[in-house]
């Protein structure tokens, strides 16, 4: 048991860019909050912004090392000084920029390095030609030099093995969420006023929350919306998130002749504000790991329909606590939307069962304990070789 291991002797430093939003931000902040109850942890980032300020507001041990630009390598020596002076045991990296910098740090300090693979790294920069060519290539190269990897679902572990990574170096830890902390969120009236929305009171609301990126499949959401509106007239669709696809998606909604029922909100600061007002939570991605947007919806007992990708089928049991559809299949998504909006009791049952299942399997405590077990294994393996 971990209780026999002195957690306070563990010193883990986490590296992340600091420009992260959405699931990666939620994962790291949730993990650090849970870990610091059992081990000494520190978080380093390179950009001042939402991530850094939220970490500080949570009282997390974060240090900002400003990077002038993405290729600024002057931060490496500062990182090395911190790691050596504070005597950390493990370096844990998150994301492409952090992986790139940790690659250089690893050559200056003799410590095990682990990275969490939050997404399919071959798709991270899709839609941006320059970043896709340069940063995707750099991240793919740097990943090969880590000692260990954490995939956030079994499907991601399988993906890494298929791409030549050693199964013996890969752990699986599912994302977890803090189900017990107090929630602060707008009520429906406040939310609609904040986003200047005037929705008919009889309308049901279907929502999708995430960055506007091709891999998220928002066109599928719009195609399903057109199908739904051909059968139900009292439905509004909310799209929360920002990104390069916004103009294209707005134009596509116009082409489908559904623009008046589609509402683009832009960046949503608090996901629970969004979840609180919707009647049904949807996800249409072509690739995912184990998305927090579904766990956040589950916490508010929202009935959920998602594309069957990544590890999502590990949390949504099709037909029992939600529905899954083949990625890209807007017709199936529309059928499930119509069914759940037409059957309030089934919607409530799905929402309640989804909450109960995720609460029991994917808490922040469970996630932290899994990480502590991995760190212990890595540290003891290192000590045995000394």
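The values are calculated or read from the model by the stated rules, or taken from the named source; none is laboratory data. As the structure is a computational prediction, the values presented were derived from the model and not from experiment. Methodologically, a virtual Cβ is constructed for each residue, glycine included, from the backbone with ideal geometry; neighbour enumeration extends over all protein chains shown.
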Q) What number of residues within region 13-26 satisfy the criterion of being part of a loop (DSSP other than H, G, I, E, B) and surrounded by 24 or more Cβ atoms within 10 Å (Cβ to Cβ)? A) 1
Q) residue 183 passes all but one of (1) over 30 Å from residue 113 (Cα atoms); (2) outside the structural domain of residue 276 (by TED's automatic domain parsing); (3) part of a helix (DSSP H, G or I); which number fails? A) (3)
Q) Could you say which residue among 232, 265 is touching a residue at least 40 places away in the same chain (Cβ under 8 Å) and either in contact with a strand residue (DSSP E or B) (Cβ under 6 Å, 6 or more places away or on another chain) or at positive phi (or both)? A) 265
Q. Looking at this structure, is residue 276 crowded, with 16+ Cβ neighbours inside 10 Å and touching a helix residue (DSSP H, G or I) at 6+ places or on another chain (Cβ under 9 Å)?
A. yes
Q: Would you mind telling me which numbered condition in (1) over 25 Å from residue 293 (Cβ atoms); (2) part of a helix (DSSP H, G or I); (3) at pLDDT 95 or above residue 130 fails?
A: (3)
Q: State which residue is farthest from the chain's Cα centre (by Cα) when the search covers only region 250-271 and only residues that are assigned to a helix (DSSP H, G or I) and over 13 Å from residue 226 (Cβ atoms).
A: 251
Q.
Kindly evaluate residue 247 against the criterion of being crowded, with 18+ Cβ neighbours inside 10 Å and either more than 30 Å from residue 378 (Cα to Cα) or in contact with a strand residue (DSSP E or B) (Cβ under 6 Å, 6 or more places away or on another chain) (or both).
A. no
**Q.** Enumeration of residues in region 186-198 that are part of a loop (DSSP other than H, G, I, E, B) and in contact (Cβ under 8 Å) with a residue 60 or more places away in the chain
**A.** 186, 187, 195, 197
**Q.** Residues of region 75-97 satisfying the condition of being crowded, with 20+ Cβ neighbours inside 10 Å and part of a helix (DSSP H, G or I)
**A.** 79, 83, 96, 97
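Quick test for you: out of 60, 29, pick the one residue that is within 22 Å of the chain's Cα centre (by Cα), in a loop (DSSP other than H, G, I, E, B), crowded, with 17+ Cβ neighbours inside 10 Å and in the same structural domain as residue 12 (by TED's automatic domain parsing).
Within the list 60, 29, the selection yields 60.
Is there a residue being within 30 Å of residue 110 (Cβ to Cβ), part of a helix (DSSP H, G or I) and touching a helix residue (DSSP H, G or I) at 6+ places or on another chain (Cβ under 8 Å) anywhere in region 337-357?
no
A quick yes/no check of all residues on (1) closer than 19 Å to residue 9 by Cβ; (2) touching a residue at least 40 places away in the same chain (Cβ under 8 Å); (3) in a loop (DSSP other than H, G, I, E, B):
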| site | (1), (2), (3) |
| --- | --- |
| 38 | yes, yes, yes |
| 68 | no, no, yes |
| 73 | no, no, yes |
| 99 | no, yes, no |
Q.
Can you say whether residue 303 is touching a helix residue (DSSP H, G or I) at 6+ places or on another chain (Cβ under 8 Å), closer than 30 Å to residue 38 by Cβ and touching a residue at least 12 places away in the same chain (Cβ under 8 Å), as far as the supplied structure shows?
A. no
**Q.** Hits in region 40-50 - residues which are modelled with pLDDT of 95 or more and either under 17 Å from residue 368 (Cα atoms) or in a helix (DSSP H, G or I) (or both)
**A.** 40, 41, 42, 43
Q | Members of region 363-386 found to be crowded, with 21+ Cβ neighbours inside 10 Å and not in a helix (DSSP H, G or I), listed by number | A | none
